[in-house]
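Down below is the structure, laid out as structure tokens.
The values are calculated or read from the model by the stated rules, or taken from the named source; none is laboratory data. Here the structure is a predicted model, which means the values were calculated and not measured. Don't worry about glycine lacking a Cβ; one is built from the backbone with ideal geometry, like all the others, and counts go over all protein chains shown. For the accessible areas, the whole protein counts, side chains as well, though only heavy atoms, and no ligand, DNA or RNA atoms are used. Shrake-Rupley method; radii C 1.70, N 1.55, O 1.52, S 1.80 Å.
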Protein chains: 2
Amino acid sequence: MSSAVKTLHLLSFFSATTPEIGLSALCRLAKRDKATTHRHLQALEEAGFVEQNPLTRQYRLGPALLQLAQTREQTVPRKESAIPVLKDLAEKTGETTHASVLSGTTVFALASYESAQHSTRVVIDLDKFPLHATASGLSILAFGPGDLFEIAANNLETFTSHTVNSKASLEEAVQSVRDTGFGRTIQSFEDEVSSLAAPVFDETGNLAGAVSVACVATRFSPELERKCQEHLITASRDLTRGWGGAVPDPIEAIWAATLNNSKALDSTS
Amino acid sequence: MSSAVKTLHLLSFFSATTPEIGLSALCRLAKRDKATTHRHLQALEEAGFVEQNPLTRQYRLGPALLQLAQTREQTVPRKESAIPVLKDLAEKTGETTHASVLSGTTVFALASYESAQHSTRVVIDLDKFPLHATASGLSILAFGPGDLFEIAANNLETFTSHTVNSKASLEEAVQSVRDTGFGRTIQSFEDEVSSLAAPVFDETGNLAGAVSVACVATRFSPELERKCQEHLITASRDLTRGWGGAVPDPIEAIWAATLNNSKALDSTS
DNA sequence: AACCAATGGTTCAAATAATGAACCGATCAA
DNA sequence: TTGATCGGTTCATTATTTGAACCATTGGTT
């Protein structure tokens with residue numbers, strides 16, 4: 001691992017809930033030497049990626065990030081184009097929606113939208129997503145680059161009693177996504193949340209990310225699932241179009257088959 | 001210079017006008033070896049700070065920046081608090097306004113606001129600011145940490161025929177800012193722009209950045225300058241308050257004296 | 001088809017920079 | 001005073017970074 005990556009990794013410990021971190025605390029979090037961590041922080045400070053709170057001497061994220069993010073958003077305005085789609089999806093399903101993008105082997109949360117329809121709703125913390133425990137992650141494993149599976153399988157952190165905890169069960173879950181076209185997790189990341197997700201594609205027809213609906217688990221009925229599936233399809237199409245691509249025909253075919261099946265089930269019940 | 005800093009420096013070549021850069025082009029820009037640059041880009045890609053356009057193989061800024069910037073803004077919402085102040089300043093002066101923050105030895109643009117009052121107006125490119133050629137930079141040199149002067153003096157890039165080009169004339173310009181409380185540049189960064197700026201302070205009473213008005217040079221009359229000075233004072237107070245601090249008394253005294261002087265000049269003319 | 005000049009990407013010995021245990025001074029609480 | 005933090009620094013050892021030369025591919029020109 002290059003020293004630059006190690007340095008940048010320090011940034012990932014900052015979050016909305018932990019906005020300022022002292023040198024010693026960061027050493028413990030990153031499990032690295034104090035001298036090294038200090039030099040890394042100085043490098044980040046020189047580049048404007050962190051700054052020191054002059055009062056507490058603690059470190060926090062720096063202003064250079066704002067400029068770079070602004071440039072990124074001007075350049076590749078995926079977030080901007082995603083928001084209206086997420087809003088629409090949230091209003092139609094009455095649940096919280098969000099979109100994420102795959103970059104390298106990491107899933108980044110892009111944006112989320114909370115439906116105002118219910119007073120209980122899922123609030124999504126825009127952090128990195130575990131591939132094996134979220135509906136978005138499973139969608140990405142199913143339709144994204146093949147080398148992701150190994151990485152996910154070697155990193156099966158357990159979040160709830162429903163989290164998949166073996167390579168075999170992960171394989172099974174991914175296969176089910178390939179069969180249905182939808183990622184699906186029942187209380188596997190957080191106990192109160194069940195999610196459905198669909199893959200999103202870019203201008204090359206490769207997987208670019210995922211869009212998902214996170215439902216409060218007690219509301220997650222077959223009817224709601226059907227509704228989510230329908231609207232996820234249009235949301236995925238819209239996002240894919242917004243990012244310059246088109247949903248590949250095989251995916252469309254799988255979705256159509258899944259919807260037909262659940263319609264058949266409905267009518268027999 | 002640490003390799004992490006060199007790596008991060010690559011990011012600064014991306015801008016709204018140059019959103020995607022190929023490996024070779026980036027080597028030329030950064031004046032660095034191809035193998036090194038490639039390894040640096042891989043490190044940045046691993047961290048999500050850049051990604052490769054799958055079609056052109058060119059690199060562009062990555063999605064990790066969006067998340068970090070969001071955290072930064074949630075945490076230290078300077079930009080958010082600055083925008084209404086800049087808007088007000090722009091409306092009262094009829095010119096383009098902007099705010100910048102000092103981090104380490106670099107001035108970062110935070111936000112700008114264009115007045116809709118005139119059809120010709122200054123459009124500010126949110127890039128890094130040269131300390132010696134902008135009103136904001138001079139304000140920061142005058143009231144910021146002392147070690148900045150040497151850095152600025154060793155980096156006197158010439159932009160127009162009015163740009164200061166010697167250590168002595170820079171010293172003179174900075175002294176004038178200390179005397180008046182306002183940074184002032186007449187067509188020194190771009191030929192059509194004259195600017196006035198005032199320092200902004202943080203919760204420790206140290207300089208945190210600057211706020212400025214960028215006027216179309218042909219409109220820059222003594223009357224407009226007076227108006228800008230008045231409103232810059234209130235803008236600096238507002239921003240400083242928004243960032244948890246208060247404008248130091250000596251600065252307030254200098255401003256009061258400057259305003260008195262120009263009032264006296266007005267009445268004699 | 002052959003050629004040339006780009007491009008992105010890789011190799012490996014030499015050179016340089018990263019590393020971390022031990023250390024320093026400051027602050028705070030007991 | 002003592003002891004336990006904190007942020008920060010030192011320096012010999014070690015491991016990573018470095019870059020000239022190289023390869024493979026692409027796209028335009030003769």
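Some notes on this structure:
- Filter result for A:Gln52 (in contact with a Phe, Trp or Tyr (Cβ under 8 Å, 6 or more places away or on another chain), open to solvent by 60 Å² or more (accessible area, probe 1.4 Å), more than 7 Å from chain B (Cβ to nearest Cβ) and within 16 Å of DNA strand C (Cβ to nearest atom)): yes
- Taking the criterion of being touching a helix residue (DSSP H, G or I) at 6+ places or on another chain (Cβ under 8 Å) and in contact (Cβ under 8 Å) with a residue 40 or more places away in the chain, the residues of segment B:11-21 that qualify are B:Leu11, B:Phe14, B:Ser15, B:Ala16, B:Pro19, B:Glu20.
- Checklist (1) within 7 Å of another protein chain (Cβ to nearest Cβ); (2) within 16 Å of DNA strand D (Cβ to nearest atom); (3) free of Cβ contacts under 8 Å to residues at least 40 places away in the same chain applied to A:Arg60, failing item: (3)
- Considered as a group, the residues in segment B:31-48 that are surrounded by fewer than 18 Cβ atoms within 10 Å (Cβ to Cβ) and away from DNA strand C (no atom under 11 Å from the Cβ) include one that is farthest from A:Ser103 (Cα to Cα), and that residue is B:Lys31.
- Residue in segment A:15-28 that is under 24 Å from the mean Cα position of the chain (by Cα), hydrophobic (A, V, I, L, M, F, W, C) and assigned to a helix (DSSP H, G or I) present: no
- Residue list for segment B:29-49, filter: in a loop (DSSP other than H, G, I, E, B), more than 13 Å from every other protein chain (Cβ to nearest Cβ) and in contact with a helix residue (DSSP H, G or I) (Cβ under 8 Å, 6 or more places away or on another chain): B:Arg32, B:Asp33
- Residue check for B:Val122: in contact (Cβ under 8 Å) with a residue 60 or more places away in the chain and within 27 Å of A:Leu61 (Cβ to Cβ): no
- Search result, residues across segment B:7-27 that are open to solvent by 50 Å² or more (accessible area, probe 1.4 Å) and near DNA strand C (Cβ under 8 Å from one of its atoms): B:Ser24
- Any hit, segment B:119-130, residues being polar (S, T, N, Q) and modelled with pLDDT of 90 or more: no
- Once segment B:11-52 is narrowed to residues that are polar (S, T, N, Q) and more than 14 Å from DNA strand D (Cβ to nearest atom), the residue that is modelled with the lowest pLDDT is B:Thr17.
- Of all residues in segment A:218-233, one or more are within 21 Å of A:Val107 (Cα to Cα) and in contact with a Phe, Trp or Tyr (Cβ under 8 Å, 6 or more places away or on another chain).
- For segment B:68-105, filtered to residues that are open to solvent by 10 Å² or more (accessible area, probe 1.4 Å) and among the hydroxyl-bearing types (Ser, Thr, Tyr), the residue that is modelled with the lowest pLDDT is B:Thr105.
- Considering residues of segment A:106-119 that are farther than 30 Å from A:Asn154 by Cα and without any contact (Cβ under 8 Å) to a residue 40 or more places away in the chain only, the residue surrounded by the fewest Cβ atoms within 10 Å (Cβ to Cβ): A:Ser119
- Test: A:Ser3 is near DNA strand C (Cβ under 8 Å from one of its atoms), at pLDDT below 90 and within 10 Å of chain B (Cβ to nearest Cβ): yes
- Residue within segment B:69-80 that is within 30 Å of A:Gly245 (Cα to Cα), within 16 Å of DNA strand C (Cβ to nearest atom) and either without any contact (Cβ under 8 Å) to a residue 60 or more places away in the chain or assigned to a loop (DSSP other than H, G, I, E, B) (or both) present: no
- Of the residues making up segment A:93-108, those that are of a type in the set (Gly, Ala, Ser) and within 10 Å of chain B (Cβ to nearest Cβ) number 3.
- Filter pass, B:Glu203 being on the phi < 0 side of the Ramachandran plot and surrounded by 16 or more Cβ atoms within 10 Å (Cβ to Cβ): no
- A:Phe49 closer than 30 Å to A:Ala152 by Cβ, outside the structural domain of A:Val211 (by TED's automatic domain parsing) and of a type in the set (Phe, Trp, Tyr): yes
- Condition met for A:Leu65 (within 15 Å of DNA strand C (Cβ to nearest atom), open to solvent by less than 60 Å² (accessible area, probe 1.4 Å) and either part of a strand (DSSP E or B) or within 11 Å of another protein chain (Cβ to nearest Cβ) (or both)): no
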